[in-house]
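All remarks here apply to the structure that follows.
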Amino acid sequence: MAEASPLYQTYMRAPLRFERGEGVWLYSEDGDRYLDFAAGVAVNSLGHAHPHLIEALTTQAGKVWHLSNLYDVPGQETLGRRLTEATFADRVFFTNSGAEALECAIKTARRYQFVKGHPERFHIITFEGAFHGRTIATISAGGQEKYLEGFGPKAPGFDQVPFGDLDAVKAAITDETAAILIEPVQGEGGLRTASNEFLRALRQICDDNGLLLVLDEVQCGVGRTGKLFAHEWAGITPDIMAVAKGIGGGFPLGACLATEEAASGMKAGTHGSTYGGNPLAMAVGNGVLDVVLADGFLEHVRDVALVFRQGLASLKDRYPDIIEEIRGEGLMLGIKAKVPNTDLLMAMREEHVLGVPAGDNVIRLLPPLIVTVEEAREGLKRIEQAAEHLQGKLKAASSNQGR
Ligand SMILES: *Cc1c(COP(=O)(O)O)cnc(C)c1O
């Protein structure tokens, strides 16, 4: 079947075919039900088929789908205002994806230095284990060899240092540095959290050196960590921030947010996107914010996250040969496995609970933010069964070796 596929063979897809979803559940073509703790890689923030999002999308679909940015798109003004009122930002540029939000962030940072009279300042300091997308610029920013190989020379202007290493950051700053770019919680890289102190120190270093602090909150933003944006935990604000995934709840939508000052170089004609800020995307984005910004929603995320994390910590204690560490923040949690993470993921799939592999032998658990305590407990039970199953296999293997 693989030979016959018309598709690029770029993805290693699981042999599962889902035809419908509801809340935290996905239903396969053969009628099986799976607990979806992958959520389209932190995208389906309100789960599947959320009535409010269906209403928002279908109502807009009956009016106008697409206008281009030749005209005002009222939904952009609304969503933009809500985002700026809820964050540090004064300006928003809408995109269709995370990588495009990062492209806009990179361009905004470079352009800021350019209009300040420093065209030579175009370098951006990034971190090992980072993931910023799959465009030529963002694979260079991410710096991971496996994503760069074979695609020509790495785009210039990205200087990587170890995650969390302040001295390395300081040493990497030159007269050509424009900005520092970091994910407050690394997703793809294996659920590593930048400490509050580290983020605060980066803020200070940027202020001291005329650099911009750029955050990639494509995965950890929009309520995922229990705050609207993850950097709020550290009590700092960035100059520029890339957002996507959860803001669209499953509709392709991203945004680059910036302060007035940081966005000052982005004059008419400097950037653009055909689809960015399309009326359908704006309707859904506004629908997502209706729910996420409602009283008590983020508190709900924090409450469920606590139960979920405690449950995972107890699984780690009971299955030390399977689980090495629990990581992450809020509903962006990671199991660092002792066995190959793909083995644990497969065992979980057999128990009909879905997660996402990450670097450093981690499995990401990214349930929809609407997950209830009961559903989190159901997930824990299934993960426990998966661990139990693997434990049994390990024991059988070691007793075979003993013979
Ligand atoms: C997913 C992701 C991206 C890229 O988003 P796309 O929509 O796939 O382009 C960038 N940064 C982070 C942190 C991500 O998790």
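For the condition within 14 Å of the ligand (Cβ to nearest atom), open to solvent by 10 Å² or more (accessible area, probe 1.4 Å) and within 22 Å of the chain's Cα centre (by Cα), Arg192 qualifies.
Please report, ordered by residue number, the helices (runs of 4 or more DSSP H) entirely within the range 136-182 with at least 2 residues that are touching a strand residue (DSSP E or B) at 6+ places or on another chain (Cβ under 9 Å) and crowded, with 18+ Cβ neighbours inside 10 Å. I'd like the intermediate steps shown before the answer.
On the way: elements: 136-142, 145-148, 166-172.
Result: 136-142.
Each residue in the range 248-258 was checked for being open to solvent by 10 Å² or more (accessible area, probe 1.4 Å) and either in the same structural domain as Ala38 (by TED's automatic domain parsing) or closer than 17 Å to Ile124 by Cβ (or both), and 0 of them qualify. Selection of first residues in the range 195-212 that are in the same structural domain as Ala262 (by TED's automatic domain parsing) and closer than 12 Å to Ala179 by Cβ and of second residues that are at pLDDT below 95 and of a type in the set (Val, Ile, Thr), restricted to Cβ pairs under 7 Å at least 6 apart or on distinct chains, gives an empty result. Scanning the range 52-61 for residues that are under 24 Å from the mean Cα position of the chain (by Cα) and surrounded by fewer than 17 Cβ atoms within 10 Å (Cβ to Cβ) yields His52, Ile54. Please indicate, with yes or no, whether at least one residue in the range 275-282 is in contact with an Asp or Glu (Cβ under 8 Å, 6 or more places away or on another chain), within 15 Å of the ligand (Cβ to nearest atom), of a type outside the set (Ser, Thr, Tyr) and modelled with pLDDT of 95 or more. Yes, some residue in the range 275-282 is in contact with an Asp or Glu (Cβ under 8 Å, 6 or more places away or on another chain), within 15 Å of the ligand (Cβ to nearest atom), of a type outside the set (Ser, Thr, Tyr) and modelled with pLDDT of 95 or more.
I need the full set of residues from the range 339-358 which are out of contact with any Lys or Arg (no Cβ under 8 Å at 6 or more places or on another chain) and either aliphatic (A, V, I, L, M) or surrounded by fewer than 19 Cβ atoms within 10 Å (Cβ to Cβ) (or both), in order please.
Val339, Pro340, Thr342, Asp343, Leu344, Leu345, Met346, Ala347, Arg349, Glu350, Leu354
When each of Lys107, Lys154 is tested for being basic (Lys, Arg), farther than 30 Å from Val284 by Cβ and at pLDDT 95 or above, the lone residue that passes is Lys154.
For the range 230-247, the set of residues classified as within 13 Å of the ligand (Cβ to nearest atom) and either under 15 Å from Phe93 (Cβ atoms) or surrounded by fewer than 24 Cβ atoms within 10 Å (Cβ to Cβ) (or both) consists of Met241, Ala242, Val243, Ala244, Ile247, listed by residue number. Just to be sure, is Lys170 free of Cβ contacts under 8 Å to residues at least 24 places away in the same chain and either closer than 30 Å to Asn96 by Cβ or out of contact with any Asp or Glu (no Cβ under 9 Å at 6 or more places or on another chain) (or both)? No: the conditions fail for Lys170.
Within the set Leu333, Leu344, Leu306, the sole residue that is part of a helix (DSSP H, G or I) and touching a residue at least 24 places away in the same chain (Cβ under 8 Å) turns out to be Leu344. Residues that are farther than 17 Å from Ala109 by Cα, assigned to a strand (DSSP E or B) and in the same structural domain as Thr108 (by TED's automatic domain parsing) do not occur anywhere in the range 232-243. Selection of the range 62-89 for residues being farther than 20 Å from Val292 by Cα and either within 26 Å of the chain's Cα centre (by Cα) or open to solvent by 40 Å² or more (accessible area, probe 1.4 Å) (or both) yields Gly62, Lys63, Val64, Trp65, His66, Leu67, Asn69, Leu70, Tyr71, Asp72, Pro74. Sub-6 Å Cβ pairs linking a first residue in the range 355-375 that is in contact (Cβ under 8 Å) with a residue 40 or more places away in the chain and charged (D, E, K, R) to a second residue that is open to solvent by less than 10 Å² (accessible area, probe 1.4 Å) and not in a loop (DSSP other than H, G, I, E, B), at least 6 apart or interchain, are Arg364/Gly334, ordered by first then second residue.
If you filter the range 120-135 down to residues that are within 16 Å of the ligand (Cβ to nearest atom) and part of a loop (DSSP other than H, G, I, E, B), you find that the one that is surrounded by the fewest Cβ atoms within 10 Å (Cβ to Cβ) is Arg134.
When you check Phe93 against the structure, is it at pLDDT 95 or above, part of a loop (DSSP other than H, G, I, E, B) and either touching an Asp or Glu at 6+ places or on another chain (Cβ under 6 Å) or open to solvent by 30 Å² or more (accessible area, probe 1.4 Å) (or both), yes or no? Considered against the rule, which asks whether it is at pLDDT 95 or above, part of a loop (DSSP other than H, G, I, E, B) and either touching an Asp or Glu at 6+ places or on another chain (Cβ under 6 Å) or open to solvent by 30 Å² or more (accessible area, probe 1.4 Å) (or both), Phe93 comes out as no. Within the range 32-42, the set of residues being buried (at least 22 other Cβ atoms within 10 Å of the Cβ) and within 13 Å of the ligand (Cβ to nearest atom) comprises Ala38, Ala39, Ala42.
The values are calculated or read from the model by the stated rules, or taken from the named source; none is laboratory data. Quantities reported herein were computed from a predicted structural model and do not represent experimental measurements. Glycine also receives a Cβ, built like all others from the backbone with ideal geometry; neighbour counts cover every protein chain displayed. Heads up: the accessible areas ignore ligands, DNA and RNA and are worked out on the full protein's heavy atoms, side chains in. Shrake-Rupley method; radii C 1.70, N 1.55, O 1.52, S 1.80 Å.
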